[in-house]
1. From (1) closer than 20 Å to ALA114 by Cβ; (2) surrounded by 14 or more Cβ atoms within 10 Å (Cβ to Cβ), pick out the condition that doesn't hold for LEU179.
2. Name the pairs: first residue in the stretch 200-216 and surrounded by 15 or more Cβ atoms within 10 Å (Cβ to Cβ), second residue among the basic types (Lys, Arg), Cβ to Cβ under 7 Å, at least 6 apart or on different chains?
3. Out of everything in the stretch 217-247 that is outside any loop (DSSP other than H, G, I, E, B) and in contact (Cβ under 8 Å) with a residue 24 or more places away in the chain, what residue ends up being surrounded by the most Cβ atoms within 10 Å (Cβ to Cβ)?
4. Would you kindly identify the helices (runs of 4 or more DSSP H) lying entirely within the stretch 134-191 that contain at least 2 residues that are touching a His at 6+ places or on another chain (Cβ under 9 Å)?
5. Please determine whether any residue of the stretch 94-102 is touching a Leu at 6+ places or on another chain (Cβ under 8 Å), among the small types (Gly, Ala, Ser) and within 25 Å of SER207 (Cβ to Cβ).
6. Would you check if there is a residue in the stretch 117-138 being surrounded by 15 or more Cβ atoms within 10 Å (Cβ to Cβ), in contact with a Lys or Arg (Cβ under 6 Å, 6 or more places away or on another chain) and assigned by TED's automatic domain parsing to the domain that holds SER225?
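The values are calculated or read from the model by the stated rules, or taken from the named source; none is laboratory data. For clarity, every value in this text was computed on a predicted model and none was experimentally measured. Cβ: placed from backbone, ideal geometry, glycine included. Neighbour counts: every protein chain shown.
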Amino acid sequence: MYLPLGVYGVRTAEEGLVLSPECANLDSSSLLDENGFMDLLTPSFLPYEMEPATRSPSDGGSWSLSDLEPVSTSTASSDFPDSYLLPMNDLTLLRAMLRIATRLNADKVWELTAVSSFNLGTGPPAELLPPTWQPTTSQLLVPHHPLVDLLPWPTCRDRLISIMSLPLEARPPPARDELALVNFTYDMEDGAEGMRIWGDDPYDETSWEVGQVVFERWWFIFDRSVIERSNHWRQLRGAAPLRLVAA
């Protein structure tokens with residue numbers, strides 16, 4: 001049986017609980033913090049479990065706080081000891097990409113026919129950008145979709161621009177499609193094995209992790225250093241190293 005102490009609600013006497021004198025005389029202002037808001041983080045608002053009854057209201061007694069013991073918070077019997085940690089990787093990635101797109105003046109990044117702001121002459125001055133996001137020569141000279149500009153690795157951006165500039169039949173199989181960049185975006189946003197960003201600074205290229213789905217289909221655009229760094233993050237979270245799966 002559970003009783004939320006912070007609410008100080010009680011059951012009727014017929015149900016076996018009555019209001020103790022301590023609760024009956026409580027001033028509601030005691031539940032408010034110094035700013036006048038109810039403090040939901042104090043221990044009194046945690047669920048408590050009633051000990052087996054040793055007397056009943058018919059005996060003339062009333063329940064007091066000493067009759068209550070906290071519910072165990074031990075995770076020993078839990079199959080998911082880390083269930084309190086629920087990272088939203090796809091949302092973190094989306095938020096980071098929108099932040100970067102805004103900084104690059106890539107306001108049409110979600111349009112299929114969009115062209116990079118660096119090709120249109122509307123991109124920000126390179127010296128105002130973090131080093132890894134400063135445009136390469138290919139980004140300045142070769143027309144491409146602004147999605148490419150959001151990747152944190154200059155050599156990867158150059159490879160993707162070069163591949164997407166080839167005729168369809170000359171491209172690697174995953175890129176041999178008019179909607180190749182759309183598929184690349186889907187793979188990046190894969191909730192389990194897309195791309196991840198660790199920490200709160202998306203402009204730190206070392207905080208980006210390439211997932212298995214992205215690597216398996218787009219391995220040809222990544223440097224060895226990107227893969228090694230990704231495997232470092234994967235090892236920390238207990239995931240297997242990136243690998244190529246034979247077709």
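1. Result: LEU179 passes all but (2).
2. What qualifies is PRO202/ARG99; THR206/ARG229; GLU209/ARG196; GLU209/ARG234; GLY211/ARG196.
3. ILE221
4. Filter on the stretch 134-191 gives 154-164.
5. Yes, that holds for at least one residue.
6. no
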